[in-house]
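Chemist: Can you read through this structure? Questions will come right after.
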Amino acid sequence: MSAVNKGRPHFASRIGFIFAAAGSAVGLGNIWGFPTQVANHGGGAFIIIYLLVMILLAVPALYAELSIGFIARANPVEALRDACRKHPTQKPLFGSVLGFVSLTAAIFMLGFYSILAGWMLAHSLGSVFSAIGWEKGVEFVTQNTVQRNLSFCLLVTSLTAGIIFAGVKRGIEAWSKRLMPLLLLLLGSLIIYVLFLPGAQQGLALFLRPDFDAFLQPKLYLAAMGQAFFSLSVGVGGMMIYGSYLRRDENLGRLTMTVAGLDTLVAFMAGLLIIPALFAAQSIGETIMSNGELIGRSQLIFDVLPRLFDSLGWFGNVVGFIFFTLLSIASITSTISSTEVPVSYLIESKKQSRNAAVLLVSITVLALSTLIVFNFELLFRAIIALLTHYTLPLMGLMYFVVIGWIRPWPSDLNNEGIFKTLLRLHIKYICPILMLCVFVSVM
Ligand code: PFF
């Protein structure tokens, strides 16, 4: 066990962990990414492959990531170093490298995710301004300008920092327990409302009907894999740090399934909301498809859907506010976990106070987001693609290698009998082989 784990913070309750980890998992990837990927990759075909990839790869990767933190009870750099030190030929350097890659990925992920989260907050405020008839305010928050992007990035980073300053129990856990039920309530109410709009049923059909030709395209498998890993927040150490804050007597297998189940449920619910809403927009004359694919993703959320809300009259402001608040909550609960990765490293390994660590990480993230905002065309999409298609799944692969090949299978994980043996073989052999197949197939 690592030397840094005495007197560490921990989650006060199991449900607190579940909401925090599900909060990290449920984000823009579920509510925005999943439905658009489904629509673009063969409807139900994508859902089937996504569920398969989830069960065969992403859930085991989540389990591997959580368990590395759970066993070491330390931040990702220490935890991975510790796991690799257990190997007879001693590979702590490999572990440290993996830890720093996770940490760097967490910061890059925050760099672009804070910009996206800022857009959501801005549009949520836009609905309030529109409801009170403040046109200048609406213009500022809804136009894609450098000033708007930077100020809302600052707002997102400050909100995240405010929660993390308060620590694991009073900050992360307490806020996740407030925000996640609210998110489910908002999502549920919106689905019920949207499904009754004219045109919505056509969207429902596209969402659920599989296009069998899509199964033959290797791109579908890479997209499903990237989406599944991103959705479960695997690969940047956020789940590892949450696993390290769990009490010793928790059943990790069951918790992994609960978190993955909630995440998949929300993604599916989001599909029931977004695609029918887009088709409702189409029925009032909006263009949503071109060449059989949905038009640009940001256009759909920030132009098409707001025009649908406008068509509902003043009440549309309420629907718009609920919609963008839902997306804002989803993104903030996700930025929390990736911020805790470098923060916990600075506290435990560099002996910084929590306040100093949060400040340093927030400034670094803001600097990176600013760089991205000023070089938007060059960096924004490139960073997202690099992280979601390659870095996250590759880190998931590394977690399989660590748990399957480097660290002796831990005796203190609460899975006994046949299930434990099968999982061990699955993580050791099947997962790495399957992942390599997906990567090779798209080369
Ligand atoms: N799971 C989040 C989403 O679906 O939007 C994205 C994410 C959050 C990835 C936090 C990684 C992370 F550490």
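The values are calculated or read from the model by the stated rules, or taken from the named source; none is laboratory data. Here the structure is a predicted model, which is why all the values come from computation and not from measurement. So basically every Cβ, Gly included, is an ideal-geometry build from the backbone, and we count neighbours across all protein chains shown.
Chemist: When you go through Val156, Val141, Val146, Val128 one by one, which is the residue that is within 16 Å of the ligand (Cβ to nearest atom) and either within 30 Å of Leu312 (Cβ to Cβ) or among the hydrophobic types (A, V, I, L, M, F, W, C) (or both)? First the steps, then the outcome.
Modeler: Working: Val141 fails: within 16 Å of the ligand (Cβ to nearest atom); Val146 fails: within 16 Å of the ligand (Cβ to nearest atom); Val128 fails: within 16 Å of the ligand (Cβ to nearest atom).
Unique residue meeting the criteria: Val156.
Chemist: What tally of residues in region 79-123 results from selecting those that are among the hydroxyl-bearing types (Ser, Thr, Tyr) and over 18 Å from the mean Cα position of the chain (by Cα)?
Modeler: Applying the first criterion (among the hydroxyl-bearing types (Ser, Thr, Tyr)) to region 79-123 yields 89, 96, 102, 104, 113-114.
From what is left, the residues that are over 18 Å from the mean Cα position of the chain (by Cα) are 89, 96.
Qualifying residue count, region 79-123: 2.
Chemist: Still on this structure, I have one more. Being β-branched (Val, Ile, Thr), surrounded by fewer than 24 Cβ atoms within 10 Å (Cβ to Cβ) and under 18 Å from Pro76 (Cα atoms): is that true of Ile347 here? Talk me through it step by step, then tell me what you get.
Modeler: Details: β-branched (Val, Ile, Thr): yes; surrounded by fewer than 24 Cβ atoms within 10 Å (Cβ to Cβ): yes; under 18 Å from Pro76 (Cα atoms): yes.
So Ile347 passes the test.
Chemist: Only one residue in Thr36, Thr89 is within 15 Å of the ligand (Cβ to nearest atom) and among the polar types (S, T, N, Q), so which one is that?
Modeler: Going through Thr36, Thr89 in turn, the sole match is Thr36.
Chemist: Mind telling me which of the residues Ala61, Ala45 ends up being within 30 Å of Gly118 (Cβ to Cβ) and part of a helix (DSSP H, G or I)? Don't jump to the end; show me each part of the working.
Modeler: On the way: Ala45 fails: within 30 Å of Gly118 (Cβ to Cβ).
Just one listed residue meets the conditions, Ala61.
The rows are residues; the columns are (1) closer than 23 Å to Gly203 by Cβ; (2) small (Gly, Ala, Ser); (3) buried (at least 24 other Cβ atoms within 10 Å of the Cβ); (4) at pLDDT below 95.
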{"site": "Gly43", "(1), (2), (3), (4)": "yes, yes, no, yes"}
{"site": "Leu62", "(1), (2), (3), (4)": "no, no, yes, no"}
{"site": "Pro76", "(1), (2), (3), (4)": "no, no, yes, no"}
{"site": "Pro88", "(1), (2), (3), (4)": "no, no, no, yes"}
{"site": "Phe94", "(1), (2), (3), (4)": "no, no, no, yes"}
{"site": "Phe100", "(1), (2), (3), (4)": "no, no, no, no"}
{"site": "Ala105", "(1), (2), (3), (4)": "no, yes, no, no"}
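Chemist: Would you call Tyr193 among the hydroxyl-bearing types (Ser, Thr, Tyr) and farther than 22 Å from Tyr63 by Cβ? Please lay out each step first, then the result.
Modeler: On the way: among the hydroxyl-bearing types (Ser, Thr, Tyr): yes; farther than 22 Å from Tyr63 by Cβ: yes.
Yes, satisfied.
Chemist: Let me ask something additional. Output the qualifying pairs, or none if there are none: Cβ atoms under 6 angstrom, residues six or more apart or on different chains, first residue in region 415-443 and on the phi > 0 side of the Ramachandran plot and at pLDDT 85 or above, second residue part of a helix (DSSP H, G or I) and of a type in the set (Lys, Arg).
Modeler: Partner pairs satisfying both residue conditions: none exist.
Chemist: Separate question: Inside region 239-280, can you point out the residues that are polar (S, T, N, Q) and assigned to a helix (DSSP H, G or I)?
Modeler: Here is the first cut: in region 239-280, the residues polar (S, T, N, Q) are 244, 251, 256, 258, 264.
Within region 239-280, Ser244, Thr256, Thr258, Thr264 meet the criteria.
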